[in-house]
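Here's the structure we're looking at; comments come further down.
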Amino acid sequence: MPFYFINNENRSGDTITIPLPLSHHLLHVLRYQTGDSLTLVDEERNGYKVKIIGRIGEGLETKIESKLESRLQSTPRIHLGIALLKGDRTDWAIQKGTELGADCISVLMTRHVVVKIQNDKIARQQKRWFEIAKEAAQQSERFEIPQIDPPMKFSSFLEQTQAANFKLFFWEKEPSFSSLRTAIQSKKTATAATLAILIGPEGGWAKEEVDQAIEKGYISVSLGRRLLRAETATLAALSILQYEIGK
């Protein structure tokens with residue numbers, strides 16, 4: 001059943017009004033009609049099965065048929081830090097990171113980042129990333145949209161994740177080829193409240209960034225002997241974590 005996010009303010013009693021632009025998308029793109037059903041979720045993680053009962057101005061009026069069972073936030077909470085990538089690769093990483101359970105996503109300005117974001121475009125870019133995460137959350141039927149931070153310095157991310165219970169630093173030059181599975185099992189990740197992971201840029205991590213992360217308690221791990229693109233590493237790392245911790 002189609003799944004969309006709405007705001008609490010759109011609910012009144014047993015009806016929920018779907019405003020623009022979602023109402024336009026449902027009517028004119030997906031061709032929804034009176035009598036069709038869908039799922040709506042508000043910012044407090046309340047889910048509702050609703051039926052469209054008619055138009056109200058430019059919006060759609062729906063009637064609540066049933067309230068869905070509340071979904072508790074899963075643990076550990078995953079904070080993904082990924083270096084800014086060129087082209088649409090950051091968009092792709094955010095989309096897949098959302099689908100695979102990241103709860104907060106931070107785009108990082110590291111030393112070897114290939115592209116830069118102009119200051120006057122940061123707010124617009126962050127909004128774009130939020131919309132990508134929102135659409136991915138709806139597609140995955142998550143009851144929450146990940147927090148999307150504005151681009152930040154690498155050092156700021158390390159400070160922000162200082163209190164995380166478990167911290168993983170994915171480094172393509174990890175000399176021991178330390179296994180992610182070994183790190184997870186040895187630290188009993190499933191009992192951690194917060195897990196922070198770091199994925200580097202196309203140009204790789206600078207040595208001082210590796211040293212800073214380890215100093216802040218990050219464990220350096222490898223995804224194997226194959227050199228992966230940053231966005232592929234994001235997908236691989238989160239897939240393995242999801243399998244190991246059942247998130």
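How about segment 136-183: which of its residues are modelled with pLDDT of 90 or more, open to solvent by 80 Å² or more (accessible area, probe 1.4 Å) and farther than 18 Å from LEU80 by Cα? Residue satisfying the conditions is GLN139 alone.
If only residues of segment 191-209 that are surrounded by fewer than 16 Cβ atoms within 10 Å (Cβ to Cβ) and within 22 Å of the chain's Cα centre (by Cα) are counted, the one that is farthest from SER106 (Cα to Cα) is THR191.
Look at (1) in contact with a helix residue (DSSP H, G or I) (Cβ under 8 Å, 6 or more places away or on another chain); (2) charged (D, E, K, R); (3) within 23 Å of PRO76 (Cβ to Cβ) and you find that ARG128 fails only one, number (3). For GLN126, the conditions (1) part of a strand (DSSP E or B); (2) within 30 Å of ALA206 (Cα to Cα) are fulfilled apart from (1). Number of residues in segment 43-53 that are at pLDDT 90 or above and out of contact with any Leu (no Cβ under 7 Å at 6 or more places or on another chain): the value is 2.
Restricting attention to segment 210-231, the residues that are assigned to a helix (DSSP H, G or I) and surrounded by fewer than 17 Cβ atoms within 10 Å (Cβ to Cβ) add up to 4. For residues in segment 189-236 being at pLDDT 85 or above and of a type in the set (Ser, Thr, Tyr), which is nearest to ILE82 (Cα to Cα)? Out of the qualifying residues, it is THR234.
Among the residues making up segment 1-16, a single one is in contact with a helix residue (DSSP H, G or I) (Cβ under 6 Å, 6 or more places away or on another chain) and within 11 Å of LYS63 (Cβ to Cβ): ILE16. In segment 116-133, the qualifying residues are those that are closer than 13 Å to TRP92 by Cα and of a type outside the set (Phe, Trp, Tyr), and the one that is least open to solvent (accessible area, probe 1.4 Å) is ALA133. Per the conditions (1) on the phi > 0 side of the Ramachandran plot; (2) in contact (Cβ under 8 Å) with a residue 40 or more places away in the chain, the sole criterion not satisfied by MET152 is (1). Within segment 16-33, residues that are more than 24 Å from LYS67 (Cβ to Cβ) have Cβ atoms under 8 Å from residues that are open to solvent by 90 Å² or more (accessible area, probe 1.4 Å) and in a loop (DSSP other than H, G, I, E, B) in these pairs: LEU20/GLU58; HIS24/GLU58, counting only partners at least 6 apart in sequence or on another chain.
From the list THR34, THR75, THR17, the one residue that fits, being among the hydroxyl-bearing types (Ser, Thr, Tyr), farther than 30 Å from GLN162 by Cβ and either part of a loop (DSSP other than H, G, I, E, B) or open to solvent by 80 Å² or more (accessible area, probe 1.4 Å) (or both), is THR34. Does any residue of segment 39-60 turn out to be of a type outside the set (Ser, Thr, Tyr), over 20 Å from ARG142 (Cβ atoms), touching a residue at least 40 places away in the same chain (Cβ under 8 Å) and assigned to a strand (DSSP E or B)? Looking through segment 39-60, at least one residue is of a type outside the set (Ser, Thr, Tyr), over 20 Å from ARG142 (Cβ atoms), touching a residue at least 40 places away in the same chain (Cβ under 8 Å) and assigned to a strand (DSSP E or B). For segment 85-115, residues that are outside any loop (DSSP other than H, G, I, E, B) and open to solvent by less than 10 Å² (accessible area, probe 1.4 Å) total 9.
Of the residues making up segment 232-247, those that are in contact (Cβ under 8 Å) with a residue 60 or more places away in the chain and either among the aliphatic types (A, V, I, L, M) or open to solvent by less than 20 Å² (accessible area, probe 1.4 Å) (or both) are ALA233, THR234, LEU235, ALA237, LEU238, ILE240, LEU241, ILE245.
The values are calculated or read from the model by the stated rules, or taken from the named source; none is laboratory data. Remember, predicted model here, so these are calculated numbers, not experimental data. Reconstructed Cβ throughout: ideal geometry from the backbone, glycine too, with neighbour counts over all protein chains shown. Calculation scope for accessible area: heavy atoms of the full protein, side chains included, ligands and nucleic acids excluded. Shrake-Rupley method; radii C 1.70, N 1.55, O 1.52, S 1.80 Å.
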